[in-house]
Amino acid sequence: MFTRRGLFKALGLSVAGGLGLGGYAFGAEPMLRLRVQRYQITPMGWPAGLQLRIAAIADIHAGEPTMSAWHIRRIVEATNALNADLIVLLGDYVAGHKFVTRQLSSPEWAGILGGLRAPLGVHAILGNHDWWDDYGAQARGAGPTIAGEALKDVGIALYENKSVRLQKDGQGFWLTGLGDQLALIPKAGRNKCNRLCGVDDLPGALAQVTDDAPVILLAHEPDIFPNVPKRVSLTLSGHTHGGQVRLFGYSPMAPSRYRNRYAYGHVVEDDRHLVVSGGLGCSIIPVRLGVPPEIVHITIGGRHDGVA
């Protein structure tokens, strides 16, 4: 029999459970958890004998309490421990939300990221918040950005619509970094856009590729993927944070015009490969549930089925 006492007990348990889940989403998962998400991919046409290990860091959003200097050092140490051939940074280094008890300056977070080490170097692109929070760049409608200069000051290569040829074990490949697709706020400074404008130029970036070696594309927002040609072996993106809340493989609030299609993980369309990182920090509100902060480790080559 369902009694009044039983009703109050059930309500109490529901409230306690909700508070516990909320506390986990606000505190434990954003600040305490850190995982390595691994993928093994062999895109069509990838050169036999070339195996490439990439560690990807996305969406740090530096600022206390969720992303303190201590936390960034922890990420750097964990990334270096993966012994990847190269490390890529996929943008959004600044906080980008109001729930910050202390901002980390660009020299502070960049100085910590300067401790990243890989045989083929550390390579970075910028994200939308690195542009949006830079009032000088918005007023000019162009870079350089504070975040970008901070990265270069610590020896990290910055890519904006740029392709560079790298080599491992005598075999070449191209790394292409795309300018941000949402960089400029409407009608800010000299910018006359009526909506968010990008500084991206995918055709121009790929025009710098001068041979048949495979291409890896770094693009902060995954929404570029439908326009990426098959010439690109793999696209690496961040931005979505996996929706920050992801339950049963679904992200209800992914910041993409394609919604859950490119919210998270390894996506294959028309033999083209995309990996979207769940990222490390928080945007808008400091909540993560079902998509803990992650460093992505991708091994390319060594298998021929094209999937992880």
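Some values worked out for this structure:
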quantity: Inter-residue pairs, beta-carbon under 6 Å, first of a type in the set (Asp, Glu) and in the range 281-308, second part of a strand (DSSP E or B) and at pLDDT 95 or above, 6+ apart; calculated: 294/35; 294/37
quantity: Single residue of 55, 69 found to be touching a Ser or Thr at 6+ places or on another chain (Cβ under 6 Å) and at pLDDT 95 or above; calculated: 55
quantity: Checking residue 3 against (1) surrounded by 11 or more Cβ atoms within 10 Å (Cβ to Cβ); (2) polar (S, T, N, Q); (3) at pLDDT below 50, the condition it does not meet; calculated: (1)
quantity: Per-region count, the range 108-126, residues under 19 Å from residue 169 (Cα atoms), surrounded by fewer than 17 Cβ atoms within 10 Å (Cβ to Cβ) and small (Gly, Ala, Ser); calculated: 0
quantity: Filter result (modelled with pLDDT under 95 and among the aliphatic types (A, V, I, L, M)) within the range 138-165; calculated: 139, 142
quantity: Condition check for residue 302: small (Gly, Ala, Ser), in contact with a strand residue (DSSP E or B) (Cβ under 8 Å, 6 or more places away or on another chain) and surrounded by fewer than 18 Cβ atoms within 10 Å (Cβ to Cβ); calculated: yes
quantity: Residue satisfying condition, being touching a Leu at 6+ places or on another chain (Cβ under 8 Å) and surrounded by fewer than 14 Cβ atoms within 10 Å (Cβ to Cβ), within set 161, 227, 194; calculated: 227
quantity: Test: residue in the range 242-258 that is surrounded by 21 or more Cβ atoms within 10 Å (Cβ to Cβ) and within 11 Å of the chain's Cα centre (by Cα); calculated: yes
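Yes or no, residue by residue, for (1) within 15 Å of residue 122 (Cα to Cα); (2) of a type outside the set (D, E, K, R):
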residue: 146; (1), (2): no, yes
residue: 152; (1), (2): yes, no
residue: 156; (1), (2): yes, yes
residue: 159; (1), (2): yes, yes
residue: 163; (1), (2): yes, yes
residue: 170; (1), (2): no, yes
residue: 177; (1), (2): yes, yes
residue: 181; (1), (2): no, yes
residue: 189; (1), (2): no, yes
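The values are calculated or read from the model by the stated rules, or taken from the named source; none is laboratory data. Values in this document were obtained by computation on a predicted structure and should not be read as measured data. Glycine gets a Cβ as well: all are built from the backbone with ideal geometry, and neighbour counts include every protein chain shown.
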